[in-house]
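J.: If you scroll down you'll find the structure; I have some questions about it.
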Amino acid sequence: MLRYVIRRLLLIIPTMFFVALITFSLAHLAPGSPFDRNENRPLPQEQLDKINRYYGIDQPIPVQFVDYIGNLLRGDLGLSFTRGRPVVDLIGQGIGTTAQLGVQALIVALAFSIPLGIVSALKQNTPLDYLSLLIATIGTTIPSFVTAIFLIYVLGASLHLLPFVGWGTWQHMVMPTFVLALAPGAFLTRITRASMLEAIRQDYVRTARAKGLREQSVIVGHALKNALIPVATIIGPATAGLITGSFIIESLFNVPGIGRLYVISINQRDYPMIMSTTLLYAFVIMIANITVDIVYGALDPRIKVS
Amino acid sequence: MAQQLLDVKDLHTQFFTRDGVVHAVDGVTFHLEAGETLGLVGESGCGKSVTALSLMRLIPQPPGRITEGSIVFDGQDVLKMDDDEVRGIRGNNIAMIFQDPMTSLNPVLTISRQISEALELHLKMDKSEARKRTIELLDLVGIPSAKKRLDDYPHQFSGGMRQRVMIAMALSCNPKLILADEPTTALDVTIQAQILDLLKNLAREFRTAFILITHDLGVVAGMTQRIHVMYGGKIVEKADTAELFANPKMPYTWGLLRSIPRLDEHRKAKLVPIEGLPPDLIAPPPGCRFEPRCQYRRDVCKEKEPELKRIPNAKPDHEARCWGTQEGGWLVDTDWHREIGDTRVIEEIKKEVADLPAETKKDGEEPPLPPPSPVN
Amino acid sequence: MATTAVSTRRQAAQHDLAARKQRSLWRDAVWRLFRNRAAIAGLAVIVFAAFVAIFAPIIAPYSPIQQNTPKQLMEPIWTRWFGSQFTDSGYLLGSDELGRDILTRLMYGTRVSLIVGFVPVAVIFVVGASIGMVSGYVGGWVDNLLMRFTDIIYAFPDLLFVIIIVATLRGTELGTAMDGLLLIFVALAIVNWVGLARLIRGQVLSLKHREFIEAARAIGATPVRIMIRHLFPNVLAPVIVSLAFAIPGAMLTEATLSFLGIGVRPPTPTWGAMINEGFIVFQATPWPVLLPAFCISIILLAFTFVGDGLRDALDPRMKI
């Protein structure tokens, strides 16, 4: 088990290397230096040369890449082009907020979707099932910024129930958290329902009933234990969804996290910010995927993790 | 008359599907005394398993429902019990062994958990008592070094071993009746005999009655005292085991016997399949259910359904549902070994099947007869 | 002589039976699809949207980019009944902050949405299907390369990858071609072909040792022929379902990119861009945002319902 985890963790290194290579190449395919295209703040030529030297942009690209990787390994993510501050500081400032928002959303998603999916499966083809399927379909289909807009319009702008700009009090967190939770929650509901439907049709559930167990013990002790195994695998995609969701939600609700920072950096072509944040996201997702595999192995005795 | 352990009368179990009502069990009546063993034999889809599940009220509902009849077990009608009372019987007084040990055990629970569950529930044992008893049970069913394997998961056992675990589970609360639904079908031929022996010996040792459900007459031969043959949701022949093999009185049973390879026959016996498809249980034939496939049929078979009745030239408790072998019928003296019926009728049946539209055929995709297996 | 006649007739009958069975598989699927009311409603919405997209220049009342300064931020005509002062009977759905007619822009926005839905998916189909087939059937270095590539692509969320490609390449010639549409096509294709290739590879791997493939090989069919004539029809059902879901996925990505301000370049009207621009004036009037948001929701739901219907019709065993 431990050896497996270590091997998986070691595999992060080559993958991260390729991710860095891809983002680096893309950033350097962009025409010219980011500074000479900044129309808002034209820079004098000598300062530009200085900056180019400072960032090593005058060096050949392979050399730049090697430098870049070397700096990464020392924890130096470079300076933000537009803010003139170390990227590490900027990310450090926003990461807490983003993580909090993400974890809250994940908890909300799990708390609603798993019970909903189970009930939906147990009451298959009843109005309750159709309702939860409809909600799940809408949740997976409609983009979160659209849902957010409708919510902002109704709860914020019209009814003035909740603030929709900024971050701080719990009232500020309600709408962003729920909107961010919606897509993963809806997806989880569908998975839980499908997986539970599969489980309650299995022979071992009949065996459990034939033992004389109460229906509750049959469902919880036998069916659910099996049904939740596939549900665990979507923690990976859910994390990815939370990350991409955070770009939009943080921008819309003006939440001071790295998602919003990322979108601003994209619009300002702040490449050190874009590259570093992308690497961070890829890292988080790889960790999430490893977690999924470990959890999966722990839940399902048939899978031998080695 | 001594009180019977199980008395099933006129049992009807139906499934309400989009295509219509499936009459899976259609008026089945039989009884069982304490410690007695019974074989229930017939093709897939003839209602054997549904009968067994009905006895424990395990029919999935919807779409299934027991619509008529009574099941008196130990003096009480199972069909009139409330849910708690039925649960008190399941696993405790009536236990069931299912066909596929690969899928009938929960893959994510240890076997000790799965066996002790019933012990804790019905016999109110605490965890350590249940664990001790589980070890005893596993020893009893012949699982080597039971103590060590207690906390293994089902996938760590072979098919035969898993079926032993299922038997241990069934025996755990000393039930009065065990329902074994095709317990050996999913196993290797070499393992089948071991499992059957184990079942038979343990049942004798504990004086447990059991009903052995199988499609294979060869399997019940040495196992049970009596045999009931089912076809199309009905019992078509009832007899002592020896009587049934020596003197079968129903063309369907003849067909089943012809499809078993026998080692004791020196002639170059050819295995003869039963032509045609099992009956459509949504709209069963109006007359005898076997008539469309019967090579001995006459017009009366198509028109009126025969009753399950005593048969001339047979032991008194031998009953069959056939116009031909009943009093005054045309098959009373027929020797089924020699006369295989009208070959023209056989060709007719083959042709009818060939002319059926493809989709109907797909429904009855299972082979008309299960693969024969050697008599042990 | 007689026996030959019989056997020929039997062969003909078997052939006929096989043909009937094959036809009925697809006919069954179509029948199941048309019995699904949600799918039919979705199909109707899509046909309507296609009609609007094609005839937008004829039916739209104005030009989508023509600005009308005194008539900015008109509200939809029906808000008059609720006491709105800012309506104009010339602007049924109102106007945006530059005085452009929202109805017209919504109609033209349909064009971008549908094009973005279909064009990249067609590319994904061609690339993904050929590489997936070769990877599954032939194996070798193609297969190895595919698997390594997937590992890397799977480390990114799809949307993140698309965002990086589009954000970095927007300034290049590729990024300016077709108002930025071409770059979106390319990014969507690069990110999404892998999923389809993986799906087909898996299916082909499970089919390749089946008897009918062995039989085809035994009579000397070439690998290309086996792939096209024997394997492809058998993997078609899951491929159709997967593509049906890829279409709304691509539309959603475009809307998100435009909403983030890195999609199709203004002033080309797209629904996502309309939401982005309208959000600045959201406090003044919500309609420039709500109307395109509504359109996006409807078209995405329509495609999802059709996808669900197709999945249920083609393979009832598929899950989720």
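The values are calculated or read from the model by the stated rules, or taken from the named source; none is laboratory data. Quantities reported herein were computed from a predicted structural model and do not represent experimental measurements. Here Cβ is always computed from backbone atoms with ideal geometry, including for glycine, and neighbour counts include all displayed protein chains. Ligands, DNA and RNA are stripped out before the accessible areas are found, and what is left, the full protein with its side chains, is counted by its heavy atoms. Shrake-Rupley method; radii C 1.70, N 1.55, O 1.52, S 1.80 Å.
J.: Determine the order of B:L138, A:L29, C:L252 by accessible area, beginning with the largest, at a probe radius of 1.4 Å.
T.: A:L29, C:L252, B:L138
J.: Okay, moving on. Which whole-percent values make up P(r) of the range A:88-299 when all C-alpha to C-alpha distances are grouped in 5 Å steps starting at zero?
T.: The calculated distribution, bin by bin, is 1, 7, 13, 16, 16, 15, 11, 8, 6, 4, 2, 1, 0, 0.
J.: Please list the helices of chain A that count as membrane-span-like by this rule: a mean Kyte-Doolittle hydropathy of at least 0.0 together with Cα atoms stretching 24 Å or more along the helix axis, each helix being a complete DSSP H run.
T.: Those that pass (Cα extent of 24 Å or more, hydropathy at least 0.0) are A:2-29, A:87-122, A:170-200, A:235-253, A:271-299.
J.: Right, something else. Pairwise over distinct Cα atoms, reciprocal of the mean inverse distance: report the Kirkwood radius of the range B:93-134 in Å, one decimal place.
T.: Final number for the Kirkwood radius of the range B:93-134 is 11.2 Å.
J.: Working only with C-alpha atoms, what are the Rg and Dmax values of the range B:146-207, expressed in angstrom?
T.: For the range B:146-207, the Cα-based Rg and Dmax read 12.0, 32 Å.
J.: Cα-based Rg (one decimal) and Dmax (whole number) for the protein assembly as shown, in Å?
T.: Rg, Dmax (Cα atoms, Å): 35.6, 121.
J.: Round to a whole angstrom and tell me the spacing of the C-alpha centers of the range C:36-72 and the range C:114-174.
T.: 31
J.: Can I ask one more? Evaluate 2.2 N^0.38 Å with N set to the residue count of chain B, then give the Cα radius of gyration divided by it.
T.: 1.03
J.: From the phi of every residue in the range C:31-46, what ³J(HN,Hα) in whole Hz does the Karplus formula 6.51 cos²θ - 1.76 cosθ + 1.60 yield, where θ is phi - 60° and glycine or proline is x?
T.: Computed from phi, the couplings for the range C:31-46 are 4, 5, 5, 6, 7, 7, 5, 4, 5, 5, 4, x, 4, 4, 4, 5 Hz.
J.: Checking the table B:K127/B:K176; B:K48/B:K132; B:K200/B:K234; A:K225/B:K80; B:K48/B:K315 against a 29 Å threshold on Cα-Cα, which pairs fail?
T.: B:K48/B:K132; A:K225/B:K80
J.: Heavy-atom accessible area of A:R302 with all protein chains present, probe 1.4 Å, nearest 10 Å²?
T.: Per-residue accessible area (A:R302): approximately 120 Å².
J.: What list of ³J(HN,Hα) values in whole Hz, one per residue of the range B:90-98 in order, does the Karplus curve 6.51 cos²θ - 1.76 cosθ + 1.60 (θ = phi - 60°) give from phi, with Gly and Pro shown as x?
T.: Going residue by residue, I get 4, x, 9, 9, 10, 10, 10, 10, 9 Hz, with x marking Gly and Pro.
J.: Give me the log10 of I(q) over I(0) for the range C:51-133 at q = 0.16 Å⁻¹, as the Debye formula computes it from C-alpha points; what are the numbers?
T.: Listed by q, the Debye log ratios stand at -0.67.
J.: How large is the translational diffusion coefficient of the range A:42-172 in µm² per second when you combine the Kirkwood radius over alpha carbon pairs with Stokes-Einstein at 25 °C and 0.890 mPa s?
T.: 122
J.: In addition: How much accessible area does A:F17 have with a 1.4 Å probe, in Å² rounded to the nearest 10?
T.: Approximately 90 Å² for this residue.
J.: Can you tell me the relative contact order of chain B? Whole percent, Cα pairs under 8 Å, sequence separation 6 or more.
T.: Taking the mean separation of contacting Cα pairs over the length of chain B, I get 18 percent.
J.: Using only the Cα atoms of chain C, construct the convex hull and provide its projected area averaged over every direction, in square nanometres to one decimal.
T.: 22.6
J.: All other residues with a Cβ under 15 Å from the Cβ of A:L252 taken together, and with Lys, Arg as +1 and Asp, Glu as -1, what is their net charge?
T.: Computed value for this residue: -1.
J.: Roughly how many nanometres apart are two label points built 7 Å out from the Cα toward the Cβ at A:F65 and A:Q45?
T.: So the two model labels end up 3.2 nm from each other.
J.: Between the helical axis of B:343-355 and the dominant principal axis of chain B, each derived from Cα atoms, what acute angle in degrees is found, rounded to the nearest 10?
T.: Around 70 degrees separate the two axes.
J.: A further question on this structure: At a 1.4 Å probe radius, which order do A:W167, B:W336, C:W141 fall into by accessible area, largest first?
T.: C:W141, A:W167, B:W336
J.: Just read off the accessible area of A:Y4 with the full protein assembly in place, 1.4 Å probe, to the nearest 10 Å².
T.: Surface open to solvent at A:Y4 totals about 40 Å².
J.: A follow-up question, please. What whole-number distance in Å separates the alpha-carbon centres of the range B:224-261 and the range A:232-259?
T.: Cα centroid to Cα centroid, the span is 68 Å.
J.: Give, as a single signed number, the net charge of other residues whose beta carbon lies under 13 Å from the beta carbon of C:K208, with Lys and Arg counted +1 and Asp and Glu -1.
T.: Net charge around C:K208: 0.
J.: Turning to a different aspect of this structure: Rounded to the nearest 500 deg cm²/dmol, what is the calculated helix-only ellipticity per residue at 222 nm for chain A, with -39500 (n - 2.57) per DSSP H run of length n ≥ 4?
T.: -24000 deg cm²/dmol
J.: Per Stokes-Einstein, at 4 °C and 1.567 mPa s, what whole-number D in µm² s⁻¹ belongs to the range C:23-69, with the Kirkwood radius over Cα pairs as the hydrodynamic radius?
T.: Here the translational diffusion coefficient equals 96 µm²/s.
J.: Quick one: which bits of the range A:190-215 get at least 50 Å² less accessible when the partner protein chains are in, versus the chain alone, with a 1.4 Å probe?
T.: At a threshold of 50 Å² (probe 1.4 Å), the residues of the range A:190-215 that become less exposed are A:R190, A:D203, A:Y204, A:R206, A:T207, A:A210, A:K211, A:G212, A:L213, A:R214.
J.: Still on this structure: Provide B:V345, C:V126 ordered by accessible surface of protein heavy atoms (probe 1.4 Å), highest first.
T.: Largest to smallest exposure gives the sequence C:V126, B:V345.
J.: When the convex hull of the C-alpha atoms of the range C:73-183 is computed, what volume per residue in Å³ does it have?
T.: Cα-based convex hull of the range C:73-183, divided per residue, equals 162 Å³.
J.: Amide H of A:L79: which non-local residues (sequence gap of 5 or more, or other chain) have their own amide H closer than 5 Å, using H built in the peptide plane?
T.: A:V87
J.: Excluding B:I349 itself, calculate the net charge of residues whose Cβ lies under 12 Å from the Cβ of B:I349, where each Lys or Arg counts +1 and each Asp or Glu counts -1.
T.: Charge balance in the 12 Å sphere: -2.
J.: Taking the simple approach of a point 7 Å from Cα along Cα-to-Cβ for both A:A111 and A:V220, what is their distance in nm?
T.: That separation, rounded to one decimal, is 2.0 nm.
J.: Which residues' amide hydrogens lie under 5 Å from the amide hydrogen of C:S95, considering only partners 5 or more residues apart or on another chain, with H built in the peptide plane?
T.: Correct list: C:L73, C:M74, C:E75, C:I102.
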